[in-house]
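A quick write-up on the structure given underneath.
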Amino acid sequence: MSKKPVKDTITTATIEEQTAAFLKSGGAVEYVVKGRSGQIATAGSKQINLKSS
């Protein structure tokens, strides 16, 4: 039988180290208010009309 690949375990220390490295390299953290997406919409809505004209 083949072994399943072992997944890396993410720990709180790992996240803190990555965050510190990100901030040290000039990155910034932006606060997003509750209920809003942090993603920027690049395209308009994709609505379709199911009624035939």
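No lab work stands behind these numbers, since they all come straight from the coordinates. Source: prediction; values computed, not measured. Every residue, glycine among them, receives a Cβ derived from its backbone with ideal geometry; neighbour counts consider all protein chains shown.
See the values below:
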read-out	value
Residue-wise HN-Hα coupling along region 15-30, computed from phi with Karplus coefficients 6.51, -1.76, 1.60 (Hz; x: Gly, Pro)	5, 5, 5, 5, 5, 4, 5, 4, 5, 5, 7, x, x, 9, 9, 9
Sites THR11 and THR42 - FRET efficiency at Förster radius 25 Å, r taken between beta-carbons, to 0.05	0.15
